[in-house]
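Asks: One structure coming up, written as structure tokens, with questions to follow.
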Amino acid sequence: MNKRDFIGAAVLGGLGVRAWGQSPAYPARPIRLVVGFTPGGAADYVARAISETLGKNLGQSIIVENRPGAGASIATDMVAKSAPDGYTVLLASPGSIIVNPALNPKLTYTLRDLAPITKVTSSPLVIAANPATGINSIRDLIAKAKQSPKALNCATAGNGSAPHLGAALFSQVAGVEMTLVPFRGGAPAIQSVVAGDTHVTFATPPSVLPMIQAGRLKGLAISARDSSAMFPGLPGMAEAGLPDYAIDFWYGLFVPAATPAPVVRKIFEAANAAMQQPQIKAALAREGTAVDTSGSPEQFAGFLERDSKFWVKLVKDAGVKLD
């Protein structure tokens with residue numbers, strides 16, 4: 001670079017810094033928190049549980065916006081292509097940001113198009129069945145699935161979602177074949193099992209626990225190896241008879257990749273402070289979800305790099321395909 005080019009670059013850089021410094025302090029208007037699933041599922045519950053406190057910490061309203069479809073790819077693509085100004089934030093799980101691009105190379109986004117902020121929660125899946133099936137345990141489920149391969153219809157929250165992959169991994173480990181039926185979110189998947197249109201479900205806790213507690217579904221187990229006080233009466237997989245099977249999932253916050261670092265840091269600090277509030281921890285625990293935050297955006301990015309390998313390997317090993 002010659003002296004003239006160097007001076008020009010320095011001037012432009014200075015203007016960029018000065019323009020950012022002279023812009024209104026972030027945030028100056030309400031912020032959208034985009035969820036890729038319908039209301040009533042785990043992602044929607046987490047978003048609404050944290051939105052008020054997160055908004056107070058940022059000094060602006062947080063508007064939860066549901067954009068269901070294509071296993072949350074529609075929402076993820078929209079956020080990835082939004083203005084990188086911190087006013088459009090995505091609440092996402094591994095399904096939309098890791099699994100869907102691995103399943104569908106035609107998608108116009110990848111994880112690199114998003115800037116990670118922080119993980120916020122983690123949770124096991126809950127396995128439940130329609131009581132009329134006579135399936136009352138994991139052992140019953142395996143026996144019935146082996147007796148009639150592909151006869152059991154298993155409802156999930158969408159192709160590539162954690163429940164979908166959890167069911168696929170279960171089939172692989174247990175040596176059974178079920179017909180996986182993807183829906184546009186956890187709530188409609190659960191309703192299909194309650195109605196008897198499908199037989200069993202691998203589901204996120206907020207979407208299925210109320211139906212188990214009401215006796216409309218039979219809870220079989222959680223997908224963690226061991227039982228948890230958050231799920232009274234539900235065994236872990238070791239106790240349930242399938243100790244080699246275990247899977248959990250998480251939710252995290254993301255913004256478009258070019259979002260300025262000071263904005264990312266401000267959302268990170270506000271989100272982590274919100275997640276430590278006792279009322280949020282209690283509200284999430286009631287729905288079988290634990291607060292699980294990152295130490296920094298950089299730490300979350302490192303976690304994503306490692307976690308991506310697990311989910312991509314699962315997709316390949318379980319033979320998960322797009323319909």
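Asks: Please report the relative contact order for the chain, taking Cα pairs under 8 Å with a sequence separation of at least 6, and give it as a percent rounded to a whole number.
Replies: Relative contact order here is 25 percent.
Asks: Cα extents of the range 10-153 along the three principal axes, largest first, in whole Å?
Replies: Projected onto its principal axes, the Cα set of the range 10-153 covers 73, 36, 21 Å.
Asks: Extending each Cα 7 Å along its Cβ direction at A214 and D307, get the distance between those two points in nm, one decimal.
Replies: With each label point 7 Å from Cα toward Cβ, the separation is 3.0 nm.
Asks: Full-extension gain between K81 and K316, please, as 0.36 nm times their residue separation minus the C-alpha to C-alpha distance.
Replies: Between K81 and K316, full extension yields an extra 81.8 nm.
Asks: Sticking with this structure for a sec: Among the listed pairs K144/K321; K119/K321; K106/K316; K119/K218, which are separated by more than 22 Å between their Cα atoms?
Replies: Listed pairs above 22 Å: K144/K321; K119/K321; K119/K218.
Asks: Right, another one. Could you give the DSSP H helices of the chain that reach 18 angstrom or more along their long axis (alpha carbon positions) and whose average Kyte-Doolittle hydropathy is no lower than -0.5?
Replies: Counting only whole DSSP H runs, the qualifying helices are 3-22, 42-58, 261-275.
Asks: Give the relative contact order (percent, whole number) for the range 126-265; include only Cα pairs under 8 Å separated by 6+ residues.
Replies: Rounded, it is 29 percent for the range 126-265.
Asks: Also, I was wondering about something else. Run the simple label-point estimate for D226 and E65 please: 7 Å along Cα→C-beta, distance reported in nm.
Replies: It works out to 4.3 nm between the two label points.
Asks: Something else now. Explain nothing, just the number: relative contact order of the range 110-205, from Cα pairs under 8 Å at least 6 residues apart, as a whole percent.
Replies: In percent, rounded to a whole number, it is 39.
Asks: If you stretched the chain out fully between E239 and I74, how much longer would it get, using 0.36 nm times the residue separation minus the C-alpha to C-alpha distance?
Replies: Extra length from E239 to I74 when fully extended: 55.5 nm.
Asks: Roughly how many Å² of I74 are accessible to a 1.4 Å probe, to the nearest 10?
Replies: About 80 Å², ignoring ligands and nucleic acids.
Asks: Working from the pairwise distances between different alpha carbons, so that the mean of 1/r is found and then inverted, what is the range 21-86's Kirkwood radius in Å?
Replies: On the way: mean 1/r = 0.0782 Å⁻¹.
Hydrodynamic radius (Kirkwood, Cα pairs) of the range 21-86 is 12.8 Å.
Asks: Let me ask another. Rank P206, P182, P24 by mean-square fluctuation in a GNM of the chain with C-alpha springs under 10 angstrom and give only the top-ranked residue.
Replies: Of the options given, P24 has the highest mean-square fluctuation.
Asks: Work out from phi, with θ = phi - 60° and the Karplus expression 6.51 cos²θ - 1.76 cosθ + 1.60, the ³J(HN,Hα) of each residue of the range 107-121, listed in order in whole Hz, and give x for Gly and Pro.
Replies: 4, 9, 9, 9, 4, 5, 7, 10, 9, x, 9, 6, 6, 10, 9
Asks: What ³J(HN,Hα) values, in whole Hz, does the Karplus curve 6.51 cos²θ - 1.76 cosθ + 1.60 give for the range 219-229 when θ = phi - 60°, with x put for Gly and Pro?
Replies: My calculation for the range 219-229 gives x, 9, 4, 9, 7, 6, 5, 10, 5, 9, 4 Hz in order.
Asks: Here's a follow-up. Write out the trypsin sites (Lys or Arg not before Pro) in the range 67-173 meeting two conditions: DSSP loop, and at most 14 other Cβ atoms within 10 Å of their Cβ.
Replies: In loop regions of the range 67-173 (DSSP not H, G, I, E or B), the sparsely surrounded trypsin sites (Lys or Arg not before Pro) are K81, K106, K150.
Asks: Excluding same-chain residues fewer than 8 positions from K56, which lysines have a Cα within less than 19 Å of its Cα?
Replies: K266, K281
Asks: Also, I was wondering about something else. Residues of the range 104-130 with the amide nitrogen closer than 19 Å to a label point 7 Å from the Cα of D140, along Cα-to-Cβ, please.
Replies: 126-130
Asks: How about K313: which aspartates and glutamates have a C-alpha closer than 17 Å to its C-alpha, ignoring those fewer than 8 places off in the same chain?
Replies: Cα-Cα hits under 17 Å: D244, D248, E305.
Asks: Now for a different question. Within the range 250-323, which trypsin sites (Lys or Arg not before Pro) sit in a loop by DSSP and count at most 11 neighbouring Cβ atoms inside 10 Å?
Replies: Qualifying residues, ordered by number: K321.
Asks: A further question follows. In the chain, carbon and sulfur make up what percent of the accessible area (probe 1.4 Å)?
Replies: Working: 7670 of 14080 Å².
Carbon-and-sulfur percentage of accessible area, whole number: 54.
Asks: Next up: Can you give me the C-alpha center-to-center distance between the range 298-323 and the range 44-63, rounded to a whole angstrom?
Replies: First find each Cα centre; the distance between them is then 28 Å.
Asks: A follow-up question, please. Could you work out the mean projected area of the convex hull around the alpha carbons of the range 163-318, in square nanometres to one decimal? Could you put the intermediate results ahead of the total?
Replies: On the way: hull surface 43.3 nm².
Taking the Cα atoms of the range 163-318, their convex hull projects to 10.8 nm² on average.
Asks: Considering the Cα positions of the chain, please state its Rg to one decimal place and its Dmax as a whole number of Å.
Replies: For the chain, the Cα-based Rg and Dmax read 21.2, 80 Å.
Asks: Still on this structure, please answer the following. Per the Cauchy relation, a quarter of the hull surface: what is the mean projected area of the convex hull of the alpha carbons in the range 275-323, in nm²?
Replies: Mean projected area of the Cα convex hull: 5.3 nm².
The values are calculated or read from the model by the stated rules, or taken from the named source; none is laboratory data. Predicted, not measured: the structure shown is a model, and the values here were computed from it. Counting neighbours? That spans all protein chains shown, and the Cβs are built from the backbone with ideal geometry, glycine included. Accessible surface areas use protein heavy atoms only, side chains included; no ligands, DNA or RNA. Shrake-Rupley method; radii C 1.70, N 1.55, O 1.52, S 1.80 Å.
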